[in-house]
């Protein structure tokens with residue numbers, strides 16, 4: 001049995017599909033209100049803030065994937081994320097289950113240095129400090145050695161379905177709505193984006209490779225680190241639109257934060273858009289040389305086709 005904790009997000013849904021497709025017909029989905037992805041999925045409603053419920057949800061699992069998410073609310077992150085993660089790790093230890101932690105890059109320095117698995121944690125802002133503390137908790141569990149543990153870390157998303165990211169919201173969804181895309185802060189810095197189905201497929205590959213445990217892995221991204229100017233031009237071509245967009249400056253976003261809580265919640269991430277974002281996934285690609293990484297044009301075309309089918 002392979003179990004996904006936090007099973008309703010896009011990463012978890014794609015992970016469930018890949019586990020069923022390539023590794024096992026015993027997939028358990030755990031969240032407050034889990035919904036089947038595959039016909040054979042087993043569903044366990046549980047609140048990860050409750051240790052007992054988490055323990056019951058994990059029992060009988062061989063591998064547990066932590067993909068739980070929360071809305072972009074700083075106080076919520078501080079109050080709930082560490083507890084959810086601690087309960088998950090305690091439950092896996094009690095069940096003797098391997099633990100695969102899906103992580104992001106919020107704890108990394110928001111500068112132009114190349115990000116590898118050895119990049120030090122230098123969080124900017126409260127959300128970054130929460131993610132740094134959580135990653136450190138997982139690394140401490142890994143060092144304890146009582147259960148197999150791995151970290152799969154991803155940069156900013158773009159992708160199909162319910163993918164939530166700046167790039168989806170400001171570029172792709174605008175093009176789908178025949179509106180002008182908007183670019184945060186600068187259009188000339190290089191970005192590293194990961195296609196969400198690739199992130200999930202890679203996490204499944206790691207969780208089913210015994211030698212991957214005891215390590216941190218950067219999940220595989222396309223090596224073409226496009227600027228937003230280049231990405232919007234490509235996306236506009238794919239969606240048959242004129243390559244026109246506007247840049248939303250840092251100070252405009254800061255001012256908007258005075259009246260919008262949603263904008264305030266993302267302000268601590270803005271420095272990363274002033275710099276090149278260079279996320280390196282060489283280690284994963286060497287370990288899994290046959291893993292096909294989706295190119296940006298391929299991903300954008302798949303989103304276009306998905307929109308055409310649903311229209």
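Bear in mind that the values in this text are calculations on the coordinates, not laboratory data. Predicted, not measured: the structure shown is a model, and the values here were computed from it. Glycine also receives a Cβ, built like all others from the backbone with ideal geometry; neighbour counts cover every protein chain displayed.
Assorted remarks:
- Note on the chain: helix-only mean residue ellipticity at 222 nm, from DSSP H runs of 4+ residues weighted -39500 (n - 2.57) and normalised by residue number, equals -12000 deg cm²/dmol.
- Note on residue 26 and residue 117: their simple-model spin labels are 2.8 nm apart, each label 7 Å out from Cα toward Cβ.
- Among 196, 40, 216, the residue with the largest mean-square fluctuation in a Gaussian network model of the chain, with springs joining Cα atoms closer than 10 Å, is 40.
- For residue 38 and residue 74, the FRET efficiency from 1/(1 + (r/R0)^6), where r spans their Cβ atoms and R0 equals 25 Å, is about 0.10.
- Principal-axis analysis of the Cα atoms of the chain puts helix 126-144 at an angle of about 30° to the longest axis.
- Taking Cα atoms only, the orientation of helix 10-22 departs from the longest principal axis of the chain by about 60 degrees.
- Potential lengthening between residue 177 and residue 282 on full extension [0.36 nm per residue; Cα-Cα distance subtracted]: 34.2 nm
- Packing-based exposure ordering (other Cβ within 10 Å, fewest first) of 276, 25: 25, 276
- The range 55-98 residues near the modelled residue 49 label - backbone nitrogen below 13 Å, point 7 Å along Cα→Cβ: 70-71, 75-85
- At q = 0.22, 0.25 Å⁻¹, base-10 log of I(q)/I(0) for the range 116-193 (Debye sum, equal scatterers on each alpha carbon): -1.11, -1.22
- Projecting the alpha carbon convex hull of the range 129-271 along each direction and taking the average yields 10.3 nm².
- Rounded to 10°, Cα long-axis angle of helix 196-207 versus longest principal axis of the chain: 30
- Three-way shape label, the range 54-109, alpha-carbon gyration tensor, a/c 1.5: prolate
- The distance separating the Cα centre of the range 194-252 from that of the range 36-87 comes to 25 Å.
- Whole-number D in µm²/s for the chain (Stokes-Einstein; Kirkwood sum over Cα pairs; 25 °C, 0.890 mPa s): 123
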